[in-house]
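The values are calculated or read from the model by the stated rules, or taken from the named source; none is laboratory data. Everything numeric in this text was worked out from a predicted model, so none of it was measured. A quick note on method: Cβ atoms are made from the backbone with ideal geometry, for glycine too, and the neighbour counts reach across all protein chains shown. Accessible surface is based on the protein model in full, side chains and every heavy atom, while ligands, DNA and RNA are left aside. Shrake-Rupley method; radii C 1.70, N 1.55, O 1.52, S 1.80 Å.
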Amino acid sequence: MTQPDPSEQTIETPKPVKVVPVTSRVLPWLASLGYKVTKYLVIPFYFGKAEVTGQENIPATGPVILAPTHRSRWDAFVVPHAAGQPVTGRDLRFMVSADEMKGWQGWFISRMGGFPVDTRNPGVGTFRHGVEVLRRGEVLVIFPEGGIYQDKDVHPLKTGLARIALQVESSQPELDVKIVPISVRYGSSVPHWGCGVKIHIGSPISVADYCSNTPKQSAKKLTADLEAALKQIDGCEVEEVDTLQAAPPLEKVSGAQSSF
């Protein structure tokens, strides 16, 4: 049998991976309406009691990543209630699971600064947009657990948040990226009408403190420290949050002026 001449064989060039661009937007009129509706209707009438502490820990300027625990789809309302534009004067950009960007909730989130991420196979476009948001000095919300967990534990964090933060900080150290851990706890594992919610905002973590090692080592260390910070502030709420279940309706929120 005649063997093929190697010189006549063609080598197929790998096709470049197509990067799907990802963007986000905030419609001012819808954001203003959404914050008011949530403050005066959703929060006081759905939840028996809502408490927010630590709002003074959110930096007023510069790139910030808010890193909340993820317990329910209600988090899309609760986190902006605690740290949204009327509280900080800054719009929020949300990295949200593509599974949650459906129906009326997806329509609303996509016009309030949300953009999708495939938690099973995150795309380059999502990563790049997260970097872009921080380089513009904005506030980015990432749920570092990567999914919803309806229990009282902080689950192992994904490294994506740390990699985005380190990418920005290492390329533009003058930006001084901060990460703010946030604990969200409901009075019931599955939030229902009349149950309470408690949001505690922890002290910011400076990403600049993690840029001395290799990117992989830095991301691992930053992720571990963020997980420890979440466990610390989340653990402080265990005993208190149980009292929210039977609490009477509450409109007042502790700390700075709050909305959403």
- Message: Among the residues of the stretch 150-160, are any crowded, with 20+ Cβ neighbours inside 10 Å and in contact with a Phe, Trp or Tyr (Cβ under 9 Å, 6 or more places away or on another chain)?
- Response: yes
- Checking residue 231 against (1) open to solvent by 20 Å² or more (accessible area, probe 1.4 Å); (2) closer than 15 Å to residue 70 by Cβ; (3) at pLDDT below 95; (4) not hydrophobic (A, V, I, L, M, F, W, C), which single condition isn't satisfied? (3)
- Of all residues in the stretch 41-100, count the ones that are among the polar types (S, T, N, Q), open to solvent by less than 30 Å² (accessible area, probe 1.4 Å) and out of contact with any helix residue (DSSP H, G or I) (no Cβ under 7 Å at 6 or more places or on another chain). 2
- Task: Given the conditions (1) modelled with pLDDT of 95 or more; (2) under 15 Å from residue 223 (Cβ atoms), report the number of the one that residue 178 does not fulfil.
- Result: (2)
- Task: Mind listing whichever residues of the stretch 62-105 are more than 22 Å from residue 229 (Cα to Cα), in contact (Cβ under 8 Å) with a residue 60 or more places away in the chain and in a loop (DSSP other than H, G, I, E, B)?
- Result: 73, 74, 91
- Being open to solvent by 30 Å² or more (accessible area, probe 1.4 Å) and either modelled with pLDDT of 90 or more or closer than 23 Å to residue 77 by Cα (or both) narrows 132, 169, 145 down to just 132
- Return yes when residue 113 is among the small types (Gly, Ala, Ser), under 13 Å from the mean Cα position of the chain (by Cα) and open to solvent by less than 60 Å² (accessible area, probe 1.4 Å) and no when it is not. yes
- Quickly run through the stretch 119-148 and pick out the residues that are assigned to a loop (DSSP other than H, G, I, E, B), at negative phi and more than 14 Å from the chain's Cα centre (by Cα). 120, 121, 122, 123, 136
- Message: Test of understanding: among 199, 205, 182, which residue is surrounded by 15 or more Cβ atoms within 10 Å (Cβ to Cβ), under 17 Å from residue 137 (Cα atoms) and touching a strand residue (DSSP E or B) at 6+ places or on another chain (Cβ under 9 Å)?
- Response: 205
